[in-house]
Amino acid sequence: MAIDIDIERRLGDRVIAARFTAGPGLTALFGPSGVGKTSILNMVAGLLRPDRGHIRVGTRTLFGDGVDLPPEARRIGYVFQDGRLFPHRRVRANLLYGHDLADPAARWMGLDEAVDFLGIGHLLGRWPASLSGGEAQRVAIGRALLSGPECLLMDEPLSSLDAARRGEIMAVIERIRDELKLPILYVSHDRAEVDRLATGVVALE
Amino acid sequence: MAIDIDIERRLGDRVIAARFTAGPGLTALFGPSGVGKTSILNMVAGLLRPDRGHIRVGTRTLFGDGVDLPPEARRIGYVFQDGRLFPHRRVRANLLYGHDLADPAARWMGLDEAVDFLGIGHLLGRWPASLSGGEAQRVAIGRALLSGPECLLMDEPLSSLDAARRGEIMAVIERIRDELKLPILYVSHDRAEVDRLATGVVALE
Amino acid sequence: MMLSAEEWSIVALSLKVGGAAVLVTLPVAFALAWVLARKRFPGRVLLDGLVHLPLVLPPVVTGWLLLIAFGPLGPAGRWLESWFGVSLMFRWTGAALAAAIMALPLMVRAMRLSIEGIDRRLEGAARTLGAGRWHAFRTVSLPLALPGVLAALVLGFARSIGEFGATITFVSNIPGETRTLPLAIYSALQVPGAEAMVTRLALLSVALSLGALVLSEWLVRRTHAGRPPHGD
Amino acid sequence: MMLSAEEWSIVALSLKVGGAAVLVTLPVAFALAWVLARKRFPGRVLLDGLVHLPLVLPPVVTGWLLLIAFGPLGPAGRWLESWFGVSLMFRWTGAALAAAIMALPLMVRAMRLSIEGIDRRLEGAARTLGAGRWHAFRTVSLPLALPGVLAALVLGFARSIGEFGATITFVSNIPGETRTLPLAIYSALQVPGAEAMVTRLALLSVALSLGALVLSEWLVRRTHAGRPPHGD
Amino acid sequence: ADRGPVVLAAASLQESLTEAAGAWAAKGHPKPVLSFAASSALARQVIAGAPADLFLSADEEWMDAVAKAGLLRRGTRTTLLGNRLVLIAPAASAVRLTPARGFPLARALGSGRLALADPDAVPAGKYAKAALMHLGVWRGVAARVAPAENVRAAMALVERGAAPLGIVYATDAKASRAVRVVGTFPAASHPPIRYPVAVLKASRHKDAAGFRAFLLSKQARAIFARHGFSTP
Ligand SMILES: Nc1ncnc2c1ncn2[C@@H]1O[C@H](COP(=O)(O)OP(=O)(O)OP(=O)(O)O)[C@@H](O)[C@H]1O
Ligand SMILES: Nc1ncnc2c1ncn2[C@@H]1O[C@H](COP(=O)(O)OP(=O)(O)OP(=O)(O)O)[C@@H](O)[C@H]1O
Ligand code: MOO
Ligand SMILES: [Mg+2]
Ligand SMILES: [Mg+2]
């Protein structure tokens, strides 16, 4: 399944434009701070409306040609640059939010598995406000994976994790990439991460 | 100037404890996610009260022996893990917040210099809410440096920056470390960063 | 303080009127608060002004307008009569309507403040997780606006318990039907030397609203159980 | 709509009374809102209840209590008289006091909601940048609570413009001194067939408060100029 | 300009007293300051020590209360005006009825209510209740009265068709075009309706006694009579 993107959007006095096709596997979006990586992910997720262009995932058109699917119909899992956990739900309820909404047939990961490789079992009863930076980040990753998406958007998902944890999570991402063949758009500034995970790189500037 | 720390603090059912002496120069705090790095910085900054122990910077006691200086009297510059910019002030006003409060004699960096090496000149008139992740991070660094502190706390300050920008900022941190001889507590998961900057490493677990 | 049977019935009526007023108004007030907080449309300031009207006009005038609209000769009154066979005149439902109208501006403002404070990015996050507009509203926006909703309930109930001018003008002062606490207090105030009675009834009002306050504080604590307001 | 000299003077008086009431109450209400939002102490619920009192009691009772306390024979009245040579009886200052008391609960609630919504970590950030408690309050907490302060101003002013029962009971209905718009409306309502006059005066009230609303919206826009509410 | 004496007067005297004061001022005297409100509120203000000159009450009871507090200037209390009670119906109503012993009031009401000023509190209501008791029909309608805040509010209920019949002062009925006087109550059926006037002990104004005398003069009586009052 491939992602086909050709979009343009004005933000303030800047124009964010991108045009690329990402094959199946993990495509790294690379580029300096402020170039528009997050904005592109937001447009793919349906949170920011392009001024023109199209977004296609596999055979589905998410945007363009008169189509503009609402975010909930796009089946996209998004790990935000800022965790964006629901402050009024405990960790467990955050994790299960998308999981419970997904068609059971569409789910490809269970709570136990996610909790396990993310190492967040001891946090399930906690409120997000009491989590450390890295803990919140891991919960956010779990929440996105558990919603059974058909495509993943990850915005610097490993930035505040230590090397050991980072390795374990990368192993899972590799598995998702290879076994489930989910297309993944991945933003990172870390060379090593990109070298290990990316099957393709899009350089923006 | 050295930092002498021996503190303990209960958080929920965890106890964060640390005891180390950091010489002048940059001391990296290393340790897995959730071990208590941010909590330690918060205690040094005066935002979290230790249950017992002491914190000394150079000859000044910040906490302990009946002393508990308020944050504003500690002369500490803190780059938070989450930017924590003031949402109701534009970028320029954010940068100048601490600068204008500081004794002119205590300042060791001016707005122009900070704006220059952080590459944020085009952002001065913007509201923080419109900044990208890396842009906000750079403004937060500038804000802390401009307050003319005697000691720096940096919590993963470079995590969402690209390699080029990262290099420039590291050069400035090196200069601060060597020329101004400011003690710096620095949290990072990035080996390369730590190898380049750290004069000492404290491993927590 | 032992209450007489008459005092009990006045208290019960006040609770019924205040409770009905607040509960019926709640969804309407929330919808208005939502529209005023989120939508930009021509006439928005006018709608805002309309919502504030019952606060600005002396209550007696509001009662008088209600009488004109909902009286047997009024358009709304005729409509209710012919379609539902219902009349609000001299009924506790009319008292509840008066209280509801008077409470409306306070309730709208409180909820609007909370709605404006919601971090909308969280709604976006919910949508990407598969929540439709309505589900995201129910599970994210509404709970995040809860402080405003609770404040609205307290303010609205207190205002209802204290409402006098619009009620007596619209549905008069009928024992057991529209004679709520403030109307009973008013009657007592008109009689020289009845200060003791006034004090008693006023203390009852105070007790009722203190009860509502304590209940709301308890609700806040229950719904947010242990959740720290913001990090750290 | 051309106004007669008398109508002008009533409008001017209403503005003076409402403006004074709101401005004088603002700091007091903010302090109360702050304490109720931030501090935990025994008697907190009681203080909260006390603040809500003017909302719960029929305005006539509040006016009566003011009369007892601030009348020439009341303790507060005597104290004011002997220390400052000031009397509130039949004076516009008394009308402002009544309006202030009635507006207090609304103003406190609105500001309390905003204060409770402040991200306290930002106050911590200000402190590390060298701001003392008071400076951090002025430059961070207060501006972040601004939506509540503006809502309080609008609610308080509207309530003051509409205040009737407490005012007439406390300081009577003296032309040029305590006869604000609602009292003038009441007087007109006493005259059968004066509906046109009542309508005119009511429209004036509405115009005043619409003016206040527009002004507050403009202030919101000015102070937040272009600032998006939350990221994205 | 010089301020005239401060006159506290029952609200039902609004029109006539304003006119009389105008006539007095036309003679070159400073214009009296007239404050209209419910007699109860005014009496309480006097008792609280308000610095006023004259008090015109709508009934003897509140004047008695002020007298008991020792606040009347000796020898100045006298009856100024009298009034009559009338039965009214909406202008379009065809009902025919004469208030007399055992008259069929309950039947004439049908399923509707009888609008009155509060019979337990407001003077006009008290007189109406006394009259109906005297005529032996109170028991039949006691459960069907609609007690309003004051005479004008009671009349509004009839004007708006909310009540088919009402009892108000002749002076009020005379001034409204929306109601029709169905019949007048026999003067002997209720205690005489009297409006007492007195100079207050606290009065310092040189014109107080003069204005009181003017109100009792032939010229002033003519004015009151034109508004429907009787002048003893
Ligand atoms: N209110 C609380 N209740 C329970 N545990 C808490 C609370 N606040 C913090 N903690 C825990 O204290 C620990 C230390 O948190 P801290 O933020 O200092 O970690 P950290 O070392 O900075 O981690 P990271 O690298 O992920 O940012 C974490 O495990 C966190 O979950
Ligand atoms: N409302 C706005 N007004 C003006 N400029 C805006 C606005 N919103 C976003 N921008 C700008 O658009 C650019 C793209 O932002 P985006 O968040 O997509 O960058 P990014 O590539 O994700 O950067 P980073 O790596 O720092 O997160 C940034 O320069 C940002 O300042
Ligand atoms: O004038 Mo009155 O005191 O309303 O009967
Ligand atoms: Mg970004
Ligand atoms: Mg941390």
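The values are calculated or read from the model by the stated rules, or taken from the named source; none is laboratory data. Keep in mind that this is a model prediction, so the values were computed, not measured. Reconstructed Cβ throughout: ideal geometry from the backbone, glycine too, with neighbour counts over all protein chains shown. Note: accessible area is taken over every heavy atom of the protein model, side chains too, but ligands, DNA and RNA are not part of it. Shrake-Rupley method; radii C 1.70, N 1.55, O 1.52, S 1.80 Å.
Given the options A:Ala102, A:Ala114, A:Ala129, name the one that is farther than 26 Å from C:Arg120 by Cβ and touching a Gly at 6+ places or on another chain (Cβ under 6 Å).
Answer to the check: A:Ala114.
Scan B:Ala106, B:Ala144 and give me the residue that is within 19 Å of the chain's Cα centre (by Cα) and at pLDDT 95 or above.
Being within 19 Å of the chain's Cα centre (by Cα) and at pLDDT 95 or above holds for just one of B:Ala106, B:Ala144, which is B:Ala144.
Taking the criterion of being in contact with a helix residue (DSSP H, G or I) (Cβ under 6 Å, 6 or more places away or on another chain) and charged (D, E, K, R), would at least one residue in the range C:126-147 satisfy it?
The answer is yes, given that some residue of the range C:126-147 is in contact with a helix residue (DSSP H, G or I) (Cβ under 6 Å, 6 or more places away or on another chain) and charged (D, E, K, R).
Among the numbered criteria (1) within 30 Å of A:Gly83 (Cβ to Cβ); (2) without any contact (Cβ under 8 Å) to a residue 60 or more places away in the chain; (3) among the basic types (Lys, Arg), which one does C:Arg78 miss?
For C:Arg78, the exception is condition (1).
Every residue, every condition in (1) within 13 Å of chain B (Cβ to nearest Cβ); (2) away from ligand 5 (no atom under 16 Å from the Cβ); (3) buried (at least 24 other Cβ atoms within 10 Å of the Cβ), yes or no:
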residue: A:Leu111; (1), (2), (3): no, yes, no
residue: A:Leu118; (1), (2), (3): yes, yes, no
residue: A:Leu124; (1), (2), (3): no, yes, no
residue: A:Gln137; (1), (2), (3): yes, no, yes
residue: A:Glu150; (1), (2), (3): no, yes, no
residue: A:Ala163; (1), (2), (3): yes, no, no
residue: A:Met170; (1), (2), (3): no, yes, no
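With the requirement that a residue be more than 7 Å from every other protein chain (Cβ to nearest Cβ), under 19 Å from C:Ala12 (Cβ atoms) and surrounded by fewer than 19 Cβ atoms within 10 Å (Cβ to Cβ), what does the range C:192-207 give you?
Listed by number, the residues that qualify are C:Met197, C:Arg200, C:Leu203, C:Ala207.
Is it the case that the range D:158-170 has a residue that's within 29 Å of C:Ile118 (Cα to Cα) and aliphatic (A, V, I, L, M)?
Yes, the range D:158-170 contains a residue that is within 29 Å of C:Ile118 (Cα to Cα) and aliphatic (A, V, I, L, M).
Any residue in the range B:5-34 that's farther than 24 Å from A:Ala164 by Cα and within 10 Å of ligand 1 (Cβ to nearest atom): show its pairings with residues that are assigned to a strand (DSSP E or B) and open to solvent by less than 30 Å² (accessible area, probe 1.4 Å) at Cβ separation under 8 Å, as long as the two are six or more apart or on different chains.
That search, which allows pairs on different chains as well, returns B:Arg9/B:Ile16; B:Arg10/B:Ile16.
May I ask you to list the residues in the range E:34-69 that are assigned to a strand (DSSP E or B) and touching a residue at least 60 places away in the same chain (Cβ under 8 Å)?
E:Leu54, E:Phe55, E:Leu56, listed by residue number.
Find the residue count for the range E:12-33, including only residues that are touching a residue at least 60 places away in the same chain (Cβ under 8 Å), open to solvent by 10 Å² or more (accessible area, probe 1.4 Å) and of a type in the set (Gly, Ala, Ser).
2
Among the residues of the range B:178-198, how many are surrounded by fewer than 16 Cβ atoms within 10 Å (Cβ to Cβ) and more than 24 Å from A:Ser188 (Cα to Cα)?
4
Can you name the helices (runs of 4 or more DSSP H) wholly within the range D:1-71 that have at least 1 residues being more than 14 Å from every other protein chain (Cβ to nearest Cβ) and in contact (Cβ under 8 Å) with a residue 60 or more places away in the chain?
D:5-38
Kindly provide the set of residues from the range C:124-150 that are open to solvent by less than 10 Å² (accessible area, probe 1.4 Å) and more than 10 Å from chain A (Cβ to nearest Cβ), ordered by number.
Matches in the range C:124-150: C:Ser141, C:Ala145, C:Gly148.
Of (1) within 14 Å of chain B (Cβ to nearest Cβ); (2) open to solvent by less than 10 Å² (accessible area, probe 1.4 Å); (3) touching a His at 6+ places or on another chain (Cβ under 6 Å), D:Pro105 satisfies all except one. Which?
Failing condition for D:Pro105: (1).
Looking for whichever is open to solvent by 10 Å² or more (accessible area, probe 1.4 Å) and at the interface with chain C (Cβ under 9 Å from one of its Cβ atoms) here; the options are D:Leu153, D:Leu189. Which one fits?
D:Leu189
Are any residues in the range E:103-138 part of a loop (DSSP other than H, G, I, E, B) and either farther than 29 Å from E:Glu61 by Cα or of a type in the set (Phe, Trp, Tyr) (or both), and if so, which ones?
Result: E:Phe103, E:Pro104, E:Gly110, E:Ser111, E:Gly112.
Suppose we filter C:Arg112, C:Arg121 for residues that are more than 14 Å from chain A (Cβ to nearest Cβ), modelled with pLDDT of 90 or more, open to solvent by 10 Å² or more (accessible area, probe 1.4 Å) and in contact with a Leu (Cβ under 9 Å, 6 or more places away or on another chain); which single one remains?
Step by step, each of C:Arg112, C:Arg121 is checked, and only C:Arg112 is more than 14 Å from chain A (Cβ to nearest Cβ), modelled with pLDDT of 90 or more, open to solvent by 10 Å² or more (accessible area, probe 1.4 Å) and in contact with a Leu (Cβ under 9 Å, 6 or more places away or on another chain).
Please go through the range D:181-232 and give me each residue that is among the charged types (D, E, K, R) and either modelled with pLDDT of 85 or more or touching an Asp or Glu at 6+ places or on another chain (Cβ under 6 Å) (or both), ordered by number.
D:Arg200 - this is the single residue of the range D:181-232 that is among the charged types (D, E, K, R) and either modelled with pLDDT of 85 or more or touching an Asp or Glu at 6+ places or on another chain (Cβ under 6 Å) (or both).
Can you give me the number of residues within the range E:63-103 that are of a type in the set (Lys, Arg) and more than 22 Å from E:Ala188 (Cα to Cα)?
Within the range E:63-103, residues that are of a type in the set (Lys, Arg) and more than 22 Å from E:Ala188 (Cα to Cα) number 4.
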